[in-house]
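Written out below as structure tokens is the structure these notes cover.
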Amino acid sequence: MDGIVIINKPQGLTSHDIVDIVRKKFGIRRVGHAGSLDPLATGVLIILIGKATRLFRVFENLDKEYMATLTLGAITDTSDSQGKILETFSIEGVSQVQFKELLNQFTGRIQQIPPMFSALKYKGRCLYHLARRGLTVPRQPRQVEIFQIELLRFDPPLVDLRIACSKGTYIRKLCEDIGKQLGCGAFQSKLNRIRIGPFKIEDAVSLDNLNEAHIRTPEFKAAI
């Protein structure tokens, strides 16, 4: 049993939770995922099965596309709605014209400092373990690329965006940085990944409907 499955991840589960579910469903140990999603996030998650786990780096490097909602007027310790609100701000005077103009600054190659609540490691320890203890450590900025940001809805405090980006981009950090530039703060309140490389949300299957017929072999190699 070798191939990939495109899962439509529900909210509330970690990417590792999905791996465990697939292991039990198919009775196979060699299962992994390429491109994790936070529990808050939903959408496309590529699950690698059997020999396909060797292709982790190939799938991880694919570009991605998201539908995101950010909430203006506050910042949280996790940069998303699951975190503790640290500070609130007035959003009076923030206009749609101003917001659209600002998006130009976040298009193209940008420098992004990874959030503390992430799986990146510092001296062998995951950052989120340190963050949960209230610790902050230095993180080096990383270059990522935002291919496109489209404003879909501007209804303060809520703003909907469609974002196409390179691997390694943290959307919740992008939301926070946009809010910082606006001067009113912002955090990510919803996130749905709608594409990884050529694999779209329309290709994804729910956990309830998952069966062996959804394992793609061997055409998954041609798909990338």
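Yes or no, residue by residue, for (1) within 19 Å of the chain's Cα centre (by Cα); (2) at pLDDT 95 or above:
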{"site": "L55", "(1), (2)": "no, no"}
{"site": "N61", "(1), (2)": "yes, no"}
{"site": "K64", "(1), (2)": "yes, yes"}
{"site": "T71", "(1), (2)": "yes, yes"}
{"site": "A74", "(1), (2)": "no, yes"}
{"site": "S79", "(1), (2)": "yes, no"}
{"site": "G83", "(1), (2)": "yes, no"}
{"site": "S95", "(1), (2)": "no, yes"}
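If a residue counts only when it is outside the structural domain of Y170 (by TED's automatic domain parsing) and either small (G, A, S) or over 17 Å from G168 (Cβ atoms) (or both), which helices (runs of 4 or more DSSP H) contained entirely in the stretch 1-116 have at least 2 such residues? Show your work before the answer.
Details: elements: 15-26, 56-60, 96-103.
Fully inside the stretch 1-116 and qualifying: 15-26.
If you go through the stretch 153-181, how many residues are of a type in the set (A, V, I, L, M), over 19 Å from G108 (Cα atoms) and surrounded by fewer than 21 Cβ atoms within 10 Å (Cβ to Cβ)? Outline the logic, then answer.
Residues of the stretch 153-181 that are of a type in the set (A, V, I, L, M), as a first pass: 158-159, 161, 163-164, 171, 174, 178.
Those still in the list that are over 19 Å from G108 (Cα atoms) too: 158-159.
Cutting the leftovers down to surrounded by fewer than 21 Cβ atoms within 10 Å (Cβ to Cβ) gives us 158.
Going through the stretch 153-181 one residue at a time, the tally reaches 1.
The values are calculated or read from the model by the stated rules, or taken from the named source; none is laboratory data. Owing to the predicted nature of the structure, the values given are computational and were not obtained by experimental measurement. Virtual Cβ from ideal backbone geometry, glycine too; neighbours counted across all protein chains shown.
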